[in-house]
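Input: a single structure, listed below in C-alpha cells.
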Amino acid sequence: METIRIENRIGVRATAERLWEVLTDFGGWNRWNPHEVEVEGALGFGAPISLTERLPDLGERQVQARLGEWEPNAQLVWIERRGFLFRTLRYYEIEELERGACIVSHGTVFTGLRAELFHDKHRPRIRPAYQAISEALKRTAEEG
C-alpha cells in the first residue's frame, strides 16, 4: 500500500493556545482559511466533521470525515475514507518553541493503492493552496 505526504510548515508569533483557539473555532474557518471552509463538527475522538474544500482548479468538494487524534494546543487530525482503496489523513500540528513562538505544520497523508497517482496528478495545485492556508493562519493568529 502506497503512502504519500504533502506538508507545509510556517513559523508563527503566537502562543499554542491562540493557534488552538483559531483551529478549533470550526465556524470561523471561512474567515481565515481560503480553501477549507464551512467547517462543522465538535471536538471528540471519532466525531464527525464536514467541510467544503475548494482547491485551485479542482473545484469544490464536500468532505465527510471523522476526527482522529486531537490534543489541545498541539494536534488536530481528521480522517476521510475515499472508497475502499484510498484514505486521506488531514492534520494540523502546533509545536511551541518558546512562549509566543510556534511552528505550525499541516498537511495530508494519502494512503492506498491510488495514493501515488492522486498525489502526482494534484501536487501542483495542493502545495500552493497549503502555503496560502499557512499564511492565512499565521496572519489570523498573530493579529488576535
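The values are calculated or read from the model by the stated rules, or taken from the named source; none is laboratory data. Keep in mind it's a predicted model, so treat the numbers as computed, not measured. Cβ sites come from the backbone with ideal geometry, for glycine too, and all protein chains shown count toward neighbours. All accessible areas refer to the heavy atoms of the entire protein, side chains included, with ligands and DNA or RNA removed. Shrake-Rupley method; radii C 1.70, N 1.55, O 1.52, S 1.80 Å.
Things to note:
- If you go through the stretch 32-47 and pick out every residue that is surrounded by 12 or more Cβ atoms within 10 Å (Cβ to Cβ) and touching a strand residue (DSSP E or B) at 6+ places or on another chain (Cβ under 9 Å), you end up with 11.
- Comparison of Leu67, Leu51 shows that the only residue that is farther than 26 Å from Pro128 by Cβ and within 12 Å of the chain's Cα centre (by Cα) is Leu67.
- Contact map, the stretch 123-144: residues that are under 11 Å from His106 (Cα atoms) paired with residues that are loosely packed, with under 14 Cβ neighbours inside 10 Å and among the basic types (Lys, Arg), Cβ distance under 8 Å, separation 6+ or inter-chain. Pairs shown: Ser134/Arg9.
- Residues located in the stretch 1-36, provided they are touching a Cys at 6+ places or on another chain (Cβ under 7 Å) and either in a helix (DSSP H, G or I) or of a type in the set (Phe, Trp, Tyr) (or both): Ala16, Leu19
- Qualifying residue in the stretch 37-55 (condition: in a loop (DSSP other than H, G, I, E, B), closer than 26 Å to Arg125 by Cα and not polar (S, T, N, Q)): no
- Residue match in the stretch 80-91 (condition: touching a Pro at 6+ places or on another chain (Cβ under 7 Å) and not β-branched (Val, Ile, Thr)): no
- Subset of the stretch 4-22 [more than 17 Å from Glu143 (Cβ to Cβ) and open to solvent by 80 Å² or more (accessible area, probe 1.4 Å)]: Arg5, Arg9
Residue by residue, here is whether (1) modelled with pLDDT under 95; (2) touching a Pro at 6+ places or on another chain (Cβ under 6 Å); (3) assigned to a helix (DSSP H, G or I); (4) of a type in the set (Asp, Glu) holds:
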| position | (1), (2), (3), (4) |
| --- | --- |
| Thr108 | yes, no, no, no |
| Glu116 | yes, no, yes, yes |
| Arg125 | yes, yes, yes, no |
| Pro128 | yes, no, yes, no |
| Ser134 | no, no, yes, no |
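- All of (1) touching a Gly at 6+ places or on another chain (Cβ under 7 Å); (2) modelled with pLDDT under 95 hold for Leu55 with one exception: (1).
- Tally of residues being within 22 Å of Arg127 (Cβ to Cβ) and surrounded by fewer than 17 Cβ atoms within 10 Å (Cβ to Cβ) across the stretch 64-94: 1
- Pairing residues of the stretch 35-46 that are without any contact (Cβ under 8 Å) to a residue 40 or more places away in the chain with residues that are among the basic types (Lys, Arg), at Cβ distances under 6 Å and at least 6 apart in sequence or on separate chains, gives Gly46/Arg66.
- Enumeration of residues in the stretch 70-100 that are among the aliphatic types (A, V, I, L, M) and outside any strand (DSSP E or B): Ala74, Leu85
- Where Asn73 falls short, out of the listed (1) in contact with a helix residue (DSSP H, G or I) (Cβ under 6 Å, 6 or more places away or on another chain); (2) touching a residue at least 60 places away in the same chain (Cβ under 8 Å): (2)
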